[in-house]
């Protein structure tokens, strides 16, 4: 069968780093082509080139054998290529049909009025064609995430797209919705649609894809028909060569557990998870997005009390959902994954951002002690090697890495006993990453227990004293330093059988 | 069978308004007399016009604080042209033209220069207030007499004031535009997510400018009707009271203050709610200061109840 889309020799550099190096990628009609790789392997960059968000330095894109120029998202749209992102781009308050026809509404002939009936009829016809049950007149806000995804795909199909790129489409879906999506994908294949399917879930890939391509460090390392490869082969090719190791300092982990999590369950998020964190120990939770680890970490911190099971801290059980104030007072800290939203107060200075959790401790007879705050702030900036022109600088002007360091530095006082970190290096450059790893190890060296969530396997194995892999809310296995088997960990995370 | 519980929850503004009217009737039977209802229908017209303009602005995720003082300025512009020419035609043309220009200016500032609507329209509020005092010094007024003002301010058709009929017609037209044209869908889309609207190919800036021009035009109409009803214009008129009543009306009517959601019908009932309160408190000779306190309390109670109901529905839905 001939390729409908053919990307040849795609190369793309960001400054000195080659994000894509001479990549060939193609997709037939009626084919699901799975694209796999670790974070940073180049999958999204490749798809952004295809979608016109980035333009490549070298290489060509052909549609049905004819070269096309895709420089903007509009070009991609005109070429019939649609991207379905994890963050959907629907308007909640409009109906299903209203969303599908948004921007190209049908009007009753000769009037300025919308022909809602005809729009609903056409949407219904398209839904029927794919065997989908959905009311075109239903407001989108009343749909669940699986149904919203369907609306988004139908919108793409009705604007004459023949290539659909899906980025981790099942990460937010229930089992039932997944089944429906797979049924829908089968029907699309029958209709001749080509689908590029980005996922880490091996069972899904081996269930619906015809071909699988694995990327690593900006290159294609494996591209096979599904029938001619296996789950272990795909997993192995994802990890490949070892990265230069960050020297993990030697340390003693001893003493009573700081934190004991026993049989913690929250319906739809995590199920029967138990573990301990001892002083000086770095325990890493890892899995795919949607594995339930962030929800778990937030429940431990007391942000969410909607769980069963117990969390004990310093030997006594904690009240579910007690809120951050109690946690902070007792020496438990949290650095969230979304620092711009939950981490920093953008309009305040570096000083105020650092001092925030210390204000209560800086009270001297009911008055804030300026000297105490200055001392804490100066020490924090020094300890984290944060680059800022002065403590008075507004934090929003700092780089991502420096913002993250400040989120950390808030917790670096002597009372800290347990620090919970969610994706501490997300969106941060390599140099800042090394600084952050150093801070984490320093803390552990001082006897602070660390509970860390990371989706990056190299980071996981670099930092952890113990790793707990999670898949769909369940803890799958645990690994103790230094017996880390990356392939097995990835297989756990992807729900694969090895 | 209709789901009574659901109806109560979603249309509760109707029941609250009717219940409030009943309470006022029990206190003073005169409240529901034909004369008084007719008076209410006339009193709500300026608020209703400003509320309608504000409706589209708020649904699109913005706010227009200049509508109230704007209507005072437009009333004064009308008065000045009447004083100069002795007629109304030129004055009305001027009000319409100037208000559209002011709305265009607001819209460009908000869409092209990306300034927050709150800041742009707050500035325009002060400009309108200042210009009003500049044109007619404090303590002075221009009297408006003649057929047109009497017609707009006091004449009826089949028992209804012309001004009220105009308001109803405008709400009906707005209903059709909001629910049955592209423009209405685009206002909702922009209020939900400007970025997604842009991605769908909507010319967001153009729609926004249109929204601000319409709201300013509404404040122009409000100025014309306000001045006709009173028979004079002066810079001390309470434009900001009008603005706040208008915002209260649409919020009570279920418009989400953050944008993206609201119905014209809801806004109309919210308007009646405000109209009933304003009228009843006057009728019952409640002192002005207590008038405000009472209004604030009732609005808070109504919105608070609505919010609690909404939250319980969210929990149900899970």
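Summary table
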item	result
Residues (farther than 17 Å from residue A:50 by Cβ and assigned to a strand (DSSP E or B)) located in region A:186-218	A:212, A:214, A:216
Residue B:260 vs. criteria surrounded by 18 or more Cβ atoms within 10 Å (Cβ to Cβ), touching a residue at least 60 places away in the same chain (Cβ under 8 Å) and within 13 Å of chain A (Cβ to nearest Cβ)	yes
Selection status of residue A:426, more than 18 Å from residue A:377 (Cα to Cα) and free of Cβ contacts under 8 Å to residues at least 24 places away in the same chain	no
Breaking point among (1) modelled with pLDDT of 80 or more; (2) surrounded by 15 or more Cβ atoms within 10 Å (Cβ to Cβ), for residue A:378	(2)
Qualifying residue in region A:463-471 (condition: part of a helix (DSSP H, G or I), modelled with pLDDT of 85 or more and within 23 Å of the chain's Cα centre (by Cα))	yes
Unmet requirement for residue B:179, which otherwise passes all of (1) in contact with a helix residue (DSSP H, G or I) (Cβ under 8 Å, 6 or more places away or on another chain); (2) within 29 Å of residue B:126 (Cα to Cα)	(2)
Every residue from region B:163-188 that is touching a strand residue (DSSP E or B) at 6+ places or on another chain (Cβ under 8 Å) and facing another protein chain (nearest Cβ under 9 Å)	B:176, B:180, B:181, B:182, B:185
Matching residues in region A:217-231 - criterion: being surrounded by fewer than 20 Cβ atoms within 10 Å (Cβ to Cβ) and either closer than 16 Å to residue A:10 by Cβ or touching a strand residue (DSSP E or B) at 6+ places or on another chain (Cβ under 7 Å) (or both)	A:217, A:219, A:221, A:222, A:223, A:224, A:225, A:226, A:229
Wholly within region A:33-127, strands (runs of 3 or more DSSP E) carrying at least 2 residues that are free of Cβ contacts under 8 Å to residues at least 12 places away in the same chain and closer than 26 Å to residue A:141 by Cα	none
First in region B:189-213 and more than 11 Å from chain A (Cβ to nearest Cβ), second anywhere and in a loop (DSSP other than H, G, I, E, B) and surrounded by fewer than 17 Cβ atoms within 10 Å (Cβ to Cβ), Cβ under 8 Å, 6 or more apart	B:205/B:112
Entirely in region B:66-181, the helices (runs of 4 or more DSSP H) that have 2 or more residues that are at pLDDT 95 or above	B:67-85, B:89-111, B:117-135, B:162-180
Among (1) surrounded by 14 or more Cβ atoms within 10 Å (Cβ to Cβ); (2) not in a strand (DSSP E or B), the one test that residue A:390 misses	(1)
Number of positions in region A:128-153 that are over 24 Å from the mean Cα position of the chain (by Cα), away from chain B (no Cβ under 14 Å) and either under 24 Å from residue A:29 (Cα atoms) or in a strand (DSSP E or B) (or both)	5
Hits in region A:264-299 (condition: without any contact (Cβ under 8 Å) to a residue 40 or more places away in the chain and more than 20 Å from residue A:321 (Cβ to Cβ))	A:276
Pair list, Cβ < 9 Å and 6+ apart or interchain, from region A:363-392 residues that are in contact (Cβ under 8 Å) with a residue 40 or more places away in the chain and on the phi < 0 side of the Ramachandran plot to residues that are surrounded by 12 or more Cβ atoms within 10 Å (Cβ to Cβ) and part of a strand (DSSP E or B)	A:390/A:349; A:391/A:349; A:392/A:349
Some residue of region A:310-319 being at positive phi and either under 20 Å from the mean Cα position of the chain (by Cα) or without any contact (Cβ under 8 Å) to a residue 24 or more places away in the chain (or both)	no
Residue within region A:93-101 that is more than 14 Å from every other protein chain (Cβ to nearest Cβ) and either surrounded by 22 or more Cβ atoms within 10 Å (Cβ to Cβ) or more than 16 Å from residue A:5 (Cα to Cα) (or both) present	no
Any hit, region A:182-204, residues being within 14 Å of chain B (Cβ to nearest Cβ) and buried (at least 19 other Cβ atoms within 10 Å of the Cβ)	no
Index of the failed condition, residue B:232 passing every other in (1) over 30 Å from residue B:88 (Cα atoms); (2) surrounded by fewer than 24 Cβ atoms within 10 Å (Cβ to Cβ)	(1)
Any chance residue A:91 is over 25 Å from residue A:208 (Cα atoms) and modelled with pLDDT of 90 or more	yes
Count - residues of region A:66-92 that are out of contact with any strand residue (DSSP E or B) (no Cβ under 9 Å at 6 or more places or on another chain), under 23 Å from residue B:59 (Cα atoms) and facing chain B (nearest Cβ under 9 Å)	4
Residue match in region A:341-350 (condition: over 29 Å from the mean Cα position of the chain (by Cα) and part of a loop (DSSP other than H, G, I, E, B))	no
Residue among A:288, A:334, A:296 that alone is part of a loop (DSSP other than H, G, I, E, B) and buried (at least 20 other Cβ atoms within 10 Å of the Cβ)	A:288
Residue count, region A:471-498 (criterion: touching a strand residue (DSSP E or B) at 6+ places or on another chain (Cβ under 6 Å) and buried (at least 20 other Cβ atoms within 10 Å of the Cβ))	6
Which listed residue, of B:237, B:243, is modelled with pLDDT under 90 and buried (at least 22 other Cβ atoms within 10 Å of the Cβ)	B:237
Test: residue in region A:2-24 that is farther than 18 Å from residue A:217 by Cα, outside any strand (DSSP E or B) and in contact with a helix residue (DSSP H, G or I) (Cβ under 7 Å, 6 or more places away or on another chain)	no
Failed item in (1) surrounded by 14 or more Cβ atoms within 10 Å (Cβ to Cβ); (2) in contact (Cβ under 8 Å) with a residue 24 or more places away in the chain; (3) more than 15 Å from the chain's Cα centre (by Cα), with residue B:164 passing the rest	(3)
Residue check, residue A:433 buried (at least 21 other Cβ atoms within 10 Å of the Cβ) and either out of contact with any strand residue (DSSP E or B) (no Cβ under 8 Å at 6 or more places or on another chain) or modelled with pLDDT under 80 (or both)	no
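The values are calculated or read from the model by the stated rules, or taken from the named source; none is laboratory data. This structure is a prediction, so every number in the text was calculated from the model and none was measured. Reconstructed Cβ throughout: ideal geometry from the backbone, glycine too, with neighbour counts over all protein chains shown.
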